[in-house]
Amino acid sequence: MASTNNGGGDSLVNAAQTSEITTEGRLGLYVVAALGLAVAVAVYFAGLDRLRASVESRVERGDRSAIAQERSLRMWLAAISSFGIGYTWAIQQSRLTGLLKALGFSHRQLMAAFAPGTVIGIFVQPIIAVISDNFESPFGKRRPFVFVGGLVLVASYAVLSNSYSIGTALGDAEGGGAVVGGAPRLRVWGAAFALLSFWVADFSINAAQLPLRVLASSMVGHEHQDEVMARFSVTDNAGKLFAYLLGTFSLATPEGTAGGDTELIADVRAQFAVSCVCILVSFATTCLFVREPDSRPVHKQPRRLDVGIDSRSGGQGGHGVDQQLRSQLLQRRRTLLSAPLGGGGGDNGGGCGGSGGGGSESFEEQSVALMGGR
């Protein structure tokens with residue numbers, strides 16, 4: 001009899017050890033996955049940097065075939081942030097209602113919770129448009145709003161996805177969200193943090209969304225505006241599709257429910273974590289790889305020290321230009337990729353193009369000619 005009891009005790013110990021090993025193994029997999037994600041992001045940014053440098057180098061050497069490639073690349077780099085925004089909207093639609101119901105919101109309270117988001121969208125974008133038009137910074141007019149908006153969005157999503165656990169830690173009663181007497185019991189602290197972070201997230205999305213589109217539109221001439229908007233549409237819908245496909249799976253883990261949270265809460269937390277990664281990577285792509293001119297007045301900008309004569313002056317058929325002018329042309333071409341120069345042809349166009357009809361050429365083609373491209 002004693003032997004049987006010992007055998008039962010040994011079985012329980014072995015089961016506990018097996019469970020402990022399994023938990024440690026899962027944590028190890030999470031660490032490996034996080035490291036793999038970090039490496040993938042680093043490779044992604046390094047690849048983009050090499051691609052951009054290669055295309056720009058070809059343009060500076062006067063390769064006309066690279067001009068359209070550079071313009072297309074910059075439009076994609078600006079529009080990629082819309083992937084994170086699309087994913088964000090889709091996650092809100094598919095997961096936020098379930099989270100608020102778990103916090104005890106009734107159907108009427110849900111409608112009241114979503115209403116301020118519409119009001120925010122009506123007023124925030126026009127206000128941000130006026131502010132950014134008159135904003136001065138060495139990083140341009142629009143990118144600072146995109147950068148700050150992305151950081152605020154990630155912080156608000158971190159609070160929103162953990163609002164249930166925050167409420168529990170602050171004293172929300174157990175059983176909150178359950179129907180009692182025909183009405184759900186509201187988890188007050190969790191609901192307060194969820195609403196506040198949700199409205200801040202809506203504010204930050206709208207504050208970043210308009211500057212992104214204006215930034216991309218300002219990079220090209222009016223004849224390429226449809227291409228810019230098409231790229232925004234593609235990346236936005238790609239983000240939404242990815243969110244809906246991933247949302248068909250539950251990302252809840254045993255560790256996510258270990259603190260007493262339900263599988264729904266653990267899944268919401270994981271889905272919003274993926275959303276934060278998408279936002280950070282896509283917004284960082286635009287902020288790092290899309291150049292925007294210094295928006296400060298000229299007298300507030302640092303004085304350039306690289307004033308000199310291009311080494312090719314006098315030896316390339318009169319195409320050598322002052323180094324400072326060359327730098328200015330490069331900077332302008334990067335921000336106005338194909339804005340046409342108005343004016344007539346003949347001798348007026350020949351000042352940039354070197355031949356009759358130059359006034360009909362795009363600015364980037366004429367700048368390549370000035371820099372010795374032909």
Exactly one condition in (1) over 19 Å from the mean Cα position of the chain (by Cα); (2) within 26 Å of residue 228 (Cα to Cα) is false for residue 106; which is it? (2)
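Rundown of residues vs (1) open to solvent by 10 Å² or more (accessible area, probe 1.4 Å); (2) part of a helix (DSSP H, G or I); (3) on the phi > 0 side of the Ramachandran plot, yes/no style:
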{"site": "62", "(1), (2), (3)": "yes, no, yes"}
{"site": "71", "(1), (2), (3)": "yes, yes, no"}
{"site": "78", "(1), (2), (3)": "no, yes, no"}
{"site": "90", "(1), (2), (3)": "no, yes, no"}
{"site": "93", "(1), (2), (3)": "yes, yes, no"}
{"site": "100", "(1), (2), (3)": "no, yes, no"}
Please tell me if residue 233 is open to solvent by 20 Å² or more (accessible area, probe 1.4 Å), over 28 Å from residue 106 (Cα atoms), out of contact with any Gly (no Cβ under 9 Å at 6 or more places or on another chain) and modelled with pLDDT of 90 or more. yes
Condition broken by residue 56, with the remaining ones in (1) surrounded by 13 or more Cβ atoms within 10 Å (Cβ to Cβ); (2) within 26 Å of residue 205 (Cβ to Cβ); (3) within 24 Å of the chain's Cα centre (by Cα) satisfied: (2)
I'm trying to understand the selection: among the residues of the range 199-243, which are more than 18 Å from the chain's Cα centre (by Cα) and in a helix (DSSP H, G or I)? 199, 218, 222, 223, 224, 225, 226, 227
On the basis of being open to solvent by 10 Å² or more (accessible area, probe 1.4 Å) and among the polar types (S, T, N, Q), does residue 82 make the cut? no
Going through (1) within 30 Å of residue 68 (Cβ to Cβ); (2) modelled with pLDDT of 85 or more one by one, residue 224 fails only at (2)
Determine whether residue 59 is within 25 Å of residue 281 (Cα to Cα) and aliphatic (A, V, I, L, M). no
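Have a look at 130, 148, 154 and point out the one that is in a helix (DSSP H, G or I) and buried (at least 16 other Cβ atoms within 10 Å of the Cβ).
Numbers: 130 fails: buried (at least 16 other Cβ atoms within 10 Å of the Cβ); 148 fails: buried (at least 16 other Cβ atoms within 10 Å of the Cβ).
Among 130, 148, 154, only 154 is in a helix (DSSP H, G or I) and buried (at least 16 other Cβ atoms within 10 Å of the Cβ).
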Those residues of the range 96-129 which are touching a residue at least 12 places away in the same chain (Cβ under 8 Å) and charged (D, E, K, R) amount to 101
Of the conditions (1) under 25 Å from the mean Cα position of the chain (by Cα); (2) in contact (Cβ under 8 Å) with a residue 40 or more places away in the chain; (3) surrounded by 15 or more Cβ atoms within 10 Å (Cβ to Cβ), residue 138 satisfies every one except a single condition; which number is it? (3)
Kindly establish whether residue 122 is surrounded by fewer than 16 Cβ atoms within 10 Å (Cβ to Cβ) and under 26 Å from residue 147 (Cβ atoms). yes
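The values are calculated or read from the model by the stated rules, or taken from the named source; none is laboratory data. Just so we're clear, the structure is a prediction, and the values are computed from it rather than from any experiment. Glycine gets a Cβ as well: all are built from the backbone with ideal geometry, and neighbour counts include every protein chain shown. What goes into the accessible areas is simple: the full protein's heavy atoms, side chains included, and nothing from ligands, DNA or RNA. Shrake-Rupley method; radii C 1.70, N 1.55, O 1.52, S 1.80 Å.
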